[in-house]
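The values are calculated or read from the model by the stated rules, or taken from the named source; none is laboratory data. Note that the coordinates shown come from a computational prediction; the quantities given were computed from them, not determined experimentally. With ideal geometry, Cβ positions are generated from the backbone for all residues, glycine too; neighbour counts draw on all protein chains shown.
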Amino acid sequence: MTCKEAIEQLHEFLDNELGDANYTKIRQHINMCHECCEKFEFEQALKKVIREKTQIHGAPQHVLQSIVSQWAELNEERSRPKAPAVEPKGTFLQGILDLLTLRPAYVTMAVLLPMTIIGLAAYLAFFRPAEYSPIVKVAAERHDSFVNNNMHLDLVSSDSNEIRRHFQNLQRSNLVIDVPECNGHEMELLGCKNYNLDGKKSAYVGLRGHQNKISLEMINGSGMNIAKLQHEFYKGRSYYFGKHKGYNVVIWKHGNTLYSLTSTMDRKGLMRVASESILSYNK
Amino acid sequence: MKDFDNQESEIKEFEAAALEHIDSLFNFGMRMTGNREAAEDLVQETYLKVHRFSHTFKEGSNLKAWLFKILRNTFINTFRKKIKEPKSILYDEVEDFYLFNKIKTDKKEGDYVSGEISNVYEFLDDEVKNAVNSLPLAFREVILYSDIEDLSYGEISEIVGCPIGTVKSRLFRARKLLQKSLWNYANERGFLKERHEGKEI
């Protein structure tokens, strides 16, 4: 055995973790090698000195006594037969008293109940279902007046280029307006109108589908917090679907512009129009 | 009735055996908390748990290791302490046989009593305690288990819930670090020399 091998097993040797064969080998080596012997003895003495100097007096007597008496109590409780049933009257009184004591369950309920109410109120105030969304409401009402001919369109045309030019002439702000191509999906452009809604530029285009009238609205959303809208409203989707007054509304955003498509068409049909003729146009 | 008596005497036997280790547990509590009252509470709490979980103790397994495991868990829960491996920065640069080499190279004529180098320990007292107390918890506990309680690597590994290899490396590092701080304490106070001079006079 070399010194290196012996030193490698020094701790195991001192901690009595070696088998007999190894132990004897090291013993033999130490007996012959003065250097290793010195080191082993030094480390062994350290082990011993740690034990001697860090041992303090035993546990205090009162600790021992209190443990013994606690154990005795617990043992008695364990071996004691179960308490006889209490009289009915006592149980009733007990029940009333129990109701009055402050129990964890009551505290939990007292905390949870207002929290649930606040949570519900917050949900209704901020994350209301789609039907109540103001954007959907505005879009549906505008469409309604368009369908009922209450809305005077600035231009009535079926030529998308003409409508586009009209917008470009009218528009003095940086509102991004373009009239979508209908890709021949049996759709006809009817006309357009330029709005100023609450200081936000808004453009309105009427289209006629095969059977249903459709409105497309484009709002310059730079005044709105579109990112927030995206998060709370679209919930990670690329579009938002809502209903109002029997009209279906699809809302999506492109750049800073918020688009909405409104019609009595069913959701599936409206989504098809949006995705095939308008959403794809925005890509 | 005979069965009941049997059971009762078994319980008594178990309780007596568990209480035999109270001094060890208290000592461990003192070393880990550094506070007498805390150590007393810790031991009491531990023995309450011992009573409650006595049925989980497997007959024939090591009672002392089992007690220490409960003590350790109680310590962690009461003091919300985490016992985890210290950063290697602490011990990486400490060479093997740190103290041995230091004493050998720094030894001056008349510094220590002649004879074996291990006689130096005769002059250490509080330094040892301080050095142990200054170790990080994860190191301190393995030193206590191994050097004071004489528990085997296997038993320690069961108590701390680590593989034996981890216990070994932790113990070796702990010893290196202990030697370093022992040297620092001894040196700082000039204890070695003073004591020696005192002895000569």
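From the set of residues in segment A:53-86 that are assigned to a loop (DSSP other than H, G, I, E, B) and modelled with pLDDT of 85 or more, which is nearest to the other protein chains (Cβ to nearest Cβ)? Reasoning before the result, please.
Initial filter on segment A:53-86 (assigned to a loop (DSSP other than H, G, I, E, B)): A:55-60, A:80-86.
Next, from what is left, pick out any that are modelled with pLDDT of 85 or more: A:59-60.
Working: A:ALA59: 4, A:PRO60: 6 Å.
Filtering segment A:53-86 for residues that are assigned to a loop (DSSP other than H, G, I, E, B) and modelled with pLDDT of 85 or more, the one nearest to the other protein chains (Cβ to nearest Cβ) comes out as A:ALA59.
If I ask for residues that are in a helix (DSSP H, G or I) and within 11 Å of another protein chain (Cβ to nearest Cβ), which ones from segment A:12-35 would you list?
Quick first cut of segment A:12-35, residues in a helix (DSSP H, G or I) only: A:12-14, A:20-32, A:34-35.
Of everything in segment A:12-35, those that are in a helix (DSSP H, G or I) and within 11 Å of another protein chain (Cβ to nearest Cβ) turn out to be A:GLU12, A:LEU14, A:GLU35.
Condition test on A:GLN9, is it polar (S, T, N, Q) and touching a residue at least 24 places away in the same chain (Cβ under 8 Å)? Walk me through it before giving the result.
Values: polar (S, T, N, Q): yes; touching a residue at least 24 places away in the same chain (Cβ under 8 Å): no.
Here the answer is no, as A:GLN9 does not meet what is asked.
Of the candidates A:MET1, A:MET32, the single residue that is surrounded by 14 or more Cβ atoms within 10 Å (Cβ to Cβ) and over 53 Å from the mean Cα position of the chain (by Cα) is A:MET1. Consider segment B:120-165 and keep the residues that are among the small types (Gly, Ala, Ser) and part of a loop (DSSP other than H, G, I, E, B). The one that is farthest from the other protein chains (Cβ to nearest Cβ) is B:GLY161.
Among what's in segment A:139-159 and is among the charged types (D, E, K, R) and assigned to a helix (DSSP H, G or I), pick the residue that is surrounded by the most Cβ atoms within 10 Å (Cβ to Cβ).
First, pick out the residues of segment A:139-159 that are among the charged types (D, E, K, R): A:141-142, A:144, A:154, A:159.
Remaining after also requiring assigned to a helix (DSSP H, G or I): A:141-142, A:144.
Details: A:GLU141: 14, A:ARG142: 22, A:ASP144: 17.
Across segment A:139-159, the extreme among qualifying residues is A:ARG142.
On inspection, B:TYR91 qualifies as touching a Leu at 6+ places or on another chain (Cβ under 6 Å), more than 14 Å from B:LEU25 (Cβ to Cβ) and at pLDDT below 70.
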